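Only one structure is covered here, and it is reproduced in the block below.
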Amino acid sequence: MSSDTLNALIAHRGIGTDFIDAWGNPAKISQRNQEKLLKTLGYPIDDELALSVQLDEEAIGEWQSPLNPVYVFRSGDAFSLLVRCSIGDAAENHSLNVVTESSLKHNLRFSPVDGELLASEEIDGLEWHQYLLSFPLELDLGYHNASLFRLSDGKRKKIASTKIIVAPKRCYIPKSIEQGEKYWGFSVQLYCLRSQRNWGVGDFTDLSFLAENAANFGADFIGLNPIHQLYPANPDACSPYGPSSRRWINYIYIDVEKLECFDSKAVQSWLNANNVEETLRDLREKDWVDYEGVSKVKLDALKQIFKVYQSEYLSKNTKQHKAFTEFVEQGGESLHGLAIFEAIQFHLKEEGKEYWGWPVFPEQYKSCDSPAVKRFAKRYADEVTFFKYLQFQAQRQFDQASKAAVDAGMKVGLYRDLAVGVSDGSAEIWSNKELYCTDVSVGAPPDILGPLGQKWGLPPMDPQQLVQQAYQPIIDLFASNMKSSGALRIDHAMALLRLWWVHNEDDASEGVYVNYPVDDLLAILALESQRNQSLVIGEDLGTVPEAIRDKLKENGVYSYRVFFFEQAKDGGFYSPSHYPEQSMATLTTHDMPTLIGYWHCDDLNLGRELGVYPDDTVLQTLFDARHDYKQAILDTLHGHHSISDHISRDVNHVGMTQALNFGMQKHMATGSSALLSLQLEDWLEMDKPVNIPGTFNEYPNWKRKLTRNLEEIFSRGDLKQLGADLTERRKRASHS
């Protein structure tokens, strides 16, 4: 293959050639990795003739498609479409019929030749043209459908259809924030919450309690870990960032006792007969979430409740039946596929077969639309309905928790976190395999957080397929995650621009950047943000081009600023007063140690025990750097009078005390970021991290609970005072 052909193909598929790394240095993507990815995408680059045939077929297919699958506009843009046709049809009359979301109909008559000729191509002796047609039509914001008809010899023939998306200029921003108000809130891992009443894992009733009490302390939002559906049949696959479906909610957060029929005689008899209360006491007392134990007792109880619910409500003409039916209809194929997938997993598990994901399903079940899967869904209809019921109840309880936060006076309320992808065995991939490239994984090139690079085991979406599917999977993701949410945090927001693709058998550093249609994706994000009145926060850490930061800002997306990463070249830490106003600031994240852990180097010592670091030399370098960073932090805190003079200015004499801990939090509260997120772990002065990047079984990631029950936290005078201090500083920052 000639270099010109290779370069053209690389550009056509949006494959990167170079980038600026996390340290600001130019980096080159190897041609070997580019070619390997092209093979994975189905291009026979070692066979020039076969490749030529394939490229010709793709080009012909594109030229012979009268319309693109989707057109995306911003409010105020001129309504112009690319139209392709043969030269013989260019002068024929055509009709574009547009049906808006509100069912308004527009009929636009034209001849392609009246437009601007952009390009021509000869195919099998016939000339094809591409025209740009402009129409005097203003469409409302939303998703509209259009059909193209050719009118010839008195006949009307439909030749194409497309989706038209009209989006606002930027994402939603609450008026109070636009006017300069600055808020603080908590970032929590929902499963970590302890209470006197939950079933061994934080649930939506705990979340309501947290929101109401945090609001009384002055907090204006609660930020959650991704609450996406994981794997009910495999509870220990518990990473919220490796879900089975990002569109649906993890059933484990349902408060079983709040469901209709929980108090029924049948359910109560079952609970008593199985000594469930004793089991729950044991689960509550554990310091680490016992996902196996919690899942077993919750699912068993939910099945008992569902039997009664089905009899009392779903078999009759009731309000509950109507609401459930509407929910199922709105969930469509996505919900139906998830429910079947989960039912299949449980059946395989009961039969003693492999069940972790669709790649190990029996051959007849590997395709979601196979005859065997349809027969399974019909035969086990009640089980499939049960898994839909779990989603119905999970969404209802989340909606109620969100309402509780707003009713308590929170200005933002709950915000959700959208994971960057789904795991390779997921229901989401099983239901739409054409969209995903399963031979590769999303990751990150070497950066500060991961010096060797990262590979997350999450197959990426194929950007070309995403366009072919008219962006519907992305629309559904944004819409479902913004529902009843005051804000949405997008993990690894660079996914809107590009993703680091790494072959499953390669090291993380041997990846390739693949570009995505960033302007279209941001437009859809803005549309869903405005529709759901949901502010958007983009996690823009790591290897981030400045151009995308500017683009995110223009689109109303809030940046994500972590104190420990905000350092000048001389090692000093920037004052939070210099952070962008359009940002959310934080001290630490779920992938970092707590404040105590950081200060006492617990993360480095734990990493040494777990074999995370390649050798002692690297580890010693990290210890030395940490010592210097801590001194620089002390210098910053004292320089801004954020901590008392009773705390030494010499890091060799300073441990992480409550005074230093609270001082750091109050220091951040004086900053210019519109939002300040603080971890509940640091309020409780906890030392153990919730997650250690780069580990799997070496550490119980995503299981560590809080050290105190929620009821205790909000009865403490010192924490109430901290809340008051933070609120007062945020108000001062609002008016500075």
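Please treat every number below as a calculation from the coordinates, not as lab data. Treat the numbers as computed from the prediction; the structure is a model and nothing was measured. Cβ sites come from the backbone with ideal geometry, for glycine too, and all protein chains shown count toward neighbours.
List of remarks:
- Per-residue extension of 0.36 nm, minus the Cα-Cα distance of Glu57 and Gln533, leaves a gain of 166.9 nm for this segment.
- If you wrap the Cα atoms of the range 227-397 in a convex hull and average its projected area over all directions, you get 10.5 nm².
- Protection proxy ranking, peptides 289-302, 367-380, 484-497, average beta carbon neighbours within 10 Å, highest first: 484-497, 289-302, 367-380
- Antiparallel %, DSSP beta bridges [both residues in the chain], to 5: 65 percent
- Segment Ser715-Asn515, length gained on full extension (0.36 nm per residue, minus Cα span): 67.0 nm
- Net charge of the neighbourhood of His600, taken over other residues with C-beta under 15 Å away and scored Lys/Arg +1, Asp/Glu -1, is -3.
- Label point 7 Å beyond Cα of Glu101 along Cβ direction - residues of the range 524-539 with amide nitrogen under 15 Å: 524-534
- The calculated FRET efficiency for Ser736 paired with Trp23, based on their beta-carbon distance and R0 = 51 Å, is about 0.90.
- With the gyration tensor restricted to C-alpha atoms of the range 3-62, the semi-axes of the equivalent ellipsoid amount to 27, 12, 9 Å, longest first.
- Under 15 Å from the Cα of Lys319 - aspartates and glutamates, other chains or at least 8 residues apart: Glu260
- Shape class for the range 438-499: oblate, because the ratio a/c of the largest to smallest gyration tensor axis (alpha-carbon atoms, square roots of eigenvalues) is 1.5 or more and b/c is at least a/b.
- Cα-only Debye scattering, the range 76-167: base-10 log of I(q)/I(0) at q = 0.12, 0.23 Å⁻¹: -0.39, -1.22
- Most tightly packed first, judged by the mean number of other beta-carbon atoms within 10 Å of their residues, the peptides 392-404, 191-203 read 191-203, 392-404.
- Rounded if a/c under 1.5, otherwise prolate or oblate - the range 596-708, Cα gyration tensor axes: oblate
- Local electrostatic count, Gly200, Cβ distance below 15 Å [Lys/Arg +1, Asp/Glu -1]: -3
- Once the C-beta distance of Ile647 and Asp140 is scaled by a Förster radius of 60 Å, the resulting FRET efficiency is 0.55 to the nearest 0.05.
- Cα pair distances exceeding 20 angstrom across the range 290-346, given as percent: 43 percent
- Considering only Phe204, Ser187, Tyr131, the residue lying farthest towards the positive end of the dipole of the range 74-222 is Phe204, judged by Cα position with unit charges set on Cβ.
- At 1.002 mPa s and 20 °C, Stokes D of the chain from Kirkwood alpha-carbon radius, µm² per second: 76 µm²/s
- Furthest towards positive pole of dipole, Tyr380, Gln268, Ala237, structure part the range 227-397, Cβ charges: Tyr380
- Taking the Cα centre of the chain as origin and assigning +1 to Lys and Arg Cβ atoms and -1 to Asp and Glu Cβ atoms, the resulting dipole is close to 2560 debye.
- Peptide packing: for 316-328, 166-178, the average count of neighbouring Cβ atoms within 10 Å per residue gives the ranking 166-178, 316-328, highest mean first.
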